[in-house]
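The values are calculated or read from the model by the stated rules, or taken from the named source; none is laboratory data. These numbers come from a predicted model, not from an experiment. Because the Cβ atoms are built from the backbone with ideal geometry, glycine has one as well, and the counts that use them run over all protein chains shown. Ligands, DNA and RNA are excluded from the accessible area calculation, which covers all protein heavy atoms including side chains. Shrake-Rupley method; radii C 1.70, N 1.55, O 1.52, S 1.80 Å.
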Amino acid sequence: MLHDVHNHLQDEGFAPHLERIADCARELGIADMVVNGTCEADWPLVHALAQRYPFVRPSYGLHPWDAGNRSPAWLETLRARLAAEPRAAIGEIGLDRWILESARPDDARLAGLRRAPLAEQTEVFLAQLALATAENRPVTIHCLQAYGQLDELLHAHPVPERGFLLHAYAGPAALIPRFAALGAYFSFNGYFLKDAHAPAHPNPNSMPSPKPKCHLIGDTLAWGARLEAFKRVPLDRLLVETDAPAMPLPTAWRTHKLPPTADGTPLNHPGNLEAAYTALAALRRIPLAELTAQATANFTCLFGP
Ligand SMILES: [Zn+2]
């Protein structure tokens, strides 16, 4: 049984492929996908998916990229939706300095978005964190280039008693124990495998074949910093995600493919979750079955049965 703790199945690029993805989820034993709405227009789409597919766990939130375009009624709309769905999660919410300081002005993913300054993102983030804390709901946090600020905020404000998810954690390894002490769970994303690289003088006998299989990686490769950080996450806080359609795995690791959208945007298939599990088990040097059982227990602790 696998759990994708973070994706965006409501993305319009998936619309023509939904039935195929659902079949694949059944075949792979993906019992749950936490489907994150990121803006007000997304929320009814996530709700509709939860009605249609039993494996969808709905999650509603205003993403920092979408904070600048929110309507005056956003918080009331979110409150009403949560009141109507007592089992829904909150997310994704968060902080993002990348869009402010590092993103290219012509990045197509940011077209039409007003980029909210960090103070405004913080206000939107804290309002949603307070909602999650008040009702002890699972909450998913996105953070890009703002881990210091996030660390300060999470230590200065109450967090849900059940804990919270730091999705696709890419912060410093040194902060992991501080976040874990507050109740953080950390989800591993297969996109980080792009940091894994072959050794300078590979042993030809241990090298993967031209199209490497997941189980051949392991010890023959040096892992990048984001991967190394995942060796430090306590086992009882480990989770796995795809963030599909975003964060595609390197080609060699992809087990499931979808044609790109009409404008050429690649789509990460949620079925690649299995490869992310396999890679994380290799990274942690534990049997896949052990990781799967642990991730299921962790999922239940955070998101409920
Ligand atoms: Zn996401």
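Which one is modelled with the lowest pLDDT among residues in region 281-305 that are open to solvent by less than 10 Å² (accessible area, probe 1.4 Å) and more than 16 Å from Met33 (Cα to Cα)? Top of the filtered list is Leu283. Would it be correct to say that Asp66 is modelled with pLDDT of 95 or more, open to solvent by 20 Å² or more (accessible area, probe 1.4 Å), in contact with a Ser or Thr (Cβ under 7 Å, 6 or more places away or on another chain) and within 16 Å of the ligand (Cβ to nearest atom)? It is true that Asp66 is modelled with pLDDT of 95 or more, open to solvent by 20 Å² or more (accessible area, probe 1.4 Å), in contact with a Ser or Thr (Cβ under 7 Å, 6 or more places away or on another chain) and within 16 Å of the ligand (Cβ to nearest atom). Taking the conditions (1) within 16 Å of the ligand (Cβ to nearest atom); (2) assigned to a helix (DSSP H, G or I); (3) surrounded by fewer than 19 Cβ atoms within 10 Å (Cβ to Cβ); (4) not aliphatic (A, V, I, L, M) in turn, Arg20 satisfies each one other than (1). Of all residues in region 236-253, those being more than 17 Å from the chain's Cα centre (by Cα) and closer than 14 Å to Leu302 by Cα number 1. Do we have Glu27 as assigned to a loop (DSSP other than H, G, I, E, B) and surrounded by fewer than 19 Cβ atoms within 10 Å (Cβ to Cβ) here? Criteria not met by Glu27. When Leu75, Leu82, Leu95 are checked against the criterion of being under 14 Å from His63 (Cβ atoms) and open to solvent by less than 60 Å² (accessible area, probe 1.4 Å), Leu95 stands alone in meeting it. Of all the residues in region 82-100, those that are in a loop (DSSP other than H, G, I, E, B), in contact with a Ser or Thr (Cβ under 8 Å, 6 or more places away or on another chain) and touching a residue at least 60 places away in the same chain (Cβ under 8 Å) number 0.
Across region 41-61, the qualifying residues are those that are within 16 Å of the ligand (Cβ to nearest atom) and charged (D, E, K, R), and the one among them that is most open to solvent (accessible area, probe 1.4 Å) is Arg57. Note on region 101-116: among residues that are part of a helix (DSSP H, G or I), under 21 Å from the mean Cα position of the chain (by Cα) and not basic (Lys, Arg), the one that is surrounded by the most Cβ atoms within 10 Å (Cβ to Cβ) is Leu110. Would you be able to say whether some residue in region 117-130 is in a strand (DSSP E or B) and either open to solvent by 10 Å² or more (accessible area, probe 1.4 Å) or in contact (Cβ under 8 Å) with a residue 24 or more places away in the chain (or both)? Within region 117-130 (the criterion being in a strand (DSSP E or B) and either open to solvent by 10 Å² or more (accessible area, probe 1.4 Å) or in contact (Cβ under 8 Å) with a residue 24 or more places away in the chain (or both)), the answer is no, since none of the residues qualifies.
Filtered by the rule that a residue be within 16 Å of the ligand (Cβ to nearest atom), at pLDDT 95 or above and either of a type outside the set (Ser, Thr, Tyr) or more than 19 Å from Asp236 (Cα to Cα) (or both), region 128-145 gives Gln128, Pro138, Val139, Ile141, His142, Cys143. Of the residues examined, Asp11 is one that is over 17 Å from Ala80 (Cα atoms), within 14 Å of the ligand (Cβ to nearest atom) and open to solvent by 20 Å² or more (accessible area, probe 1.4 Å). Once region 249-280 is narrowed to residues that are touching a strand residue (DSSP E or B) at 6+ places or on another chain (Cβ under 7 Å) and under 30 Å from Pro177 (Cβ atoms), the residue that is most open to solvent (accessible area, probe 1.4 Å) is Glu274.
Among the residues of region 273-287, those identified as among the aliphatic types (A, V, I, L, M) and assigned to a helix (DSSP H, G or I) are Leu273, Ala275, Ala276, Ala279, Leu280, Ala281, Ala282, Leu283.
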